[in-house]
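The values are calculated or read from the model by the stated rules, or taken from the named source; none is laboratory data. Keep in mind it's a predicted model, so treat the numbers as computed, not measured. Using ideal geometry, Cβ is built from the backbone for each residue, glycine included, and neighbour counts are taken over all protein chains shown.
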Amino acid sequence: MFPIFLSLPGRTVVVVGGGRVGGRRARAAAAAGAAVRVVDPAPPAGASVIDGITWVPEAYQPDHLAGAALVFASAPAAVNARVVADAKARNVLVCDAAEPDRGDFTLPAVGRRGELVVAVGTNGAAPALARRVRDQMLAGVDDSFVAWVGILHELRSVLRNSVLDPAVRAALLTEFSSDEWLDRVRADAPAARAAMGDRVRASASSLPPGV
């Protein structure tokens, strides 16, 4: 398995089967910015567009995958098999909720605190263990740690636009990711943020050698 964090805004995600599992995956994809289409012959009462999710109240057909960048098969096993085959024929990545080995990818156990995202997987072998490890990791994340990650997220775009030398940018990000800066955030987050900003401004005129 090759782990990635995938950007979904502007992409279409199709979920076949809108039950508990399919609904959860549809909501997660919508929260990530995807245009989500759920195909289910028995959608929730009155469903049309809910929380940015478009419900298609029809039995699955291959044409339902038109335009999909990502597909989740969360229907009965026989339908899932068809969805997987049709998605692969279109060279679209597909996840089979019932038979992980049949699809192209599995989903990790995910936890979020601010800009920090923790994802743990076991290649589908033990989802409960993945959730346990995720919870153990997040248990060690306090509010100061979350604030620190938020500051780093904010400064990254500033660095990209103001520090032209990639080596200097990398060095600053490495420095800001050290325990020393976490301790400074814990002691006084606004002061630490201001000090990081001063360091960035001091390097803002840095150019690659020879430029």
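Name every residue in the stretch 101-127 that is of a type in the set (Lys, Arg) and either in contact with a strand residue (DSSP E or B) (Cβ under 6 Å, 6 or more places away or on another chain) or touching a residue at least 12 places away in the same chain (Cβ under 8 Å) (or both), in order of residue number.
Once the filter is applied, which keeps residues that are of a type in the set (Lys, Arg) and either in contact with a strand residue (DSSP E or B) (Cβ under 6 Å, 6 or more places away or on another chain) or touching a residue at least 12 places away in the same chain (Cβ under 8 Å) (or both), the stretch 101-127 yields ARG102, ARG113.
Does GLY33 satisfy the criteria of being surrounded by 12 or more Cβ atoms within 10 Å (Cβ to Cβ) and out of contact with any His (no Cβ under 8 Å at 6 or more places or on another chain)?
Here the answer is yes, as GLY33 does meet what is asked.
Just one of ALA87, ALA28 is of a type outside the set (Lys, Arg), in a helix (DSSP H, G or I) and touching a helix residue (DSSP H, G or I) at 6+ places or on another chain (Cβ under 7 Å); which is it?
Criteria check complete, one pass: ALA87.
Looking at the stretch 67-80, I want the residues that are buried (at least 18 other Cβ atoms within 10 Å of the Cβ) and part of a loop (DSSP other than H, G, I, E, B) and have a partner that is modelled with pLDDT of 95 or more and among the β-branched types (Val, Ile, Thr) with Cβ atoms under 8 Å, at least 6 apart or on another chain. Which pairs are those?
SER74/VAL15; SER74/VAL16; ALA75/VAL16; ALA75/VAL83
Does any residue in the stretch 11-23 that is on the phi > 0 side of the Ramachandran plot come within less than 6 Å, Cβ to Cβ, of a residue that is of a type in the set (Ser, Thr, Tyr) six or more places away or on a different chain, and which pairs are these?
If the second residue must be of a type in the set (Ser, Thr, Tyr), the pairs left are GLY17/SER74.
Here is a yes/no grid of residues against (1) assigned by TED's automatic domain parsing to the domain that holds THR174; (2) more than 26 Å from VAL14 (Cα to Cα); (3) aliphatic (A, V, I, L, M):
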| position | (1), (2), (3) |
| --- | --- |
| ASP63 | no, no, no |
| ALA66 | no, no, yes |
| ALA69 | no, no, yes |
| ARG82 | no, no, no |
| ALA97 | no, no, yes |
| VAL133 | no, yes, yes |
| LEU138 | no, yes, yes |
| GLU154 | yes, yes, no |
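Which is farther than 30 Å from ALA29 by Cβ, surrounded by fewer than 16 Cβ atoms within 10 Å (Cβ to Cβ) and hydrophobic (A, V, I, L, M, F, W, C), of ALA126, ALA202?
ALA202
Could you list, in sequence order, the residues of the stretch 3-23 that are under 18 Å from GLY121 (Cα atoms) and within 14 Å of the chain's Cα centre (by Cα)?
Across the stretch 3-23, the qualifying residues are PRO3, ILE4, PHE5, LEU6.
Filter the stretch 88-102 down to residues that are surrounded by 16 or more Cβ atoms within 10 Å (Cβ to Cβ) and more than 15 Å from ARG25 (Cα to Cα) and give me whichever is modelled with the highest pLDDT.
VAL92
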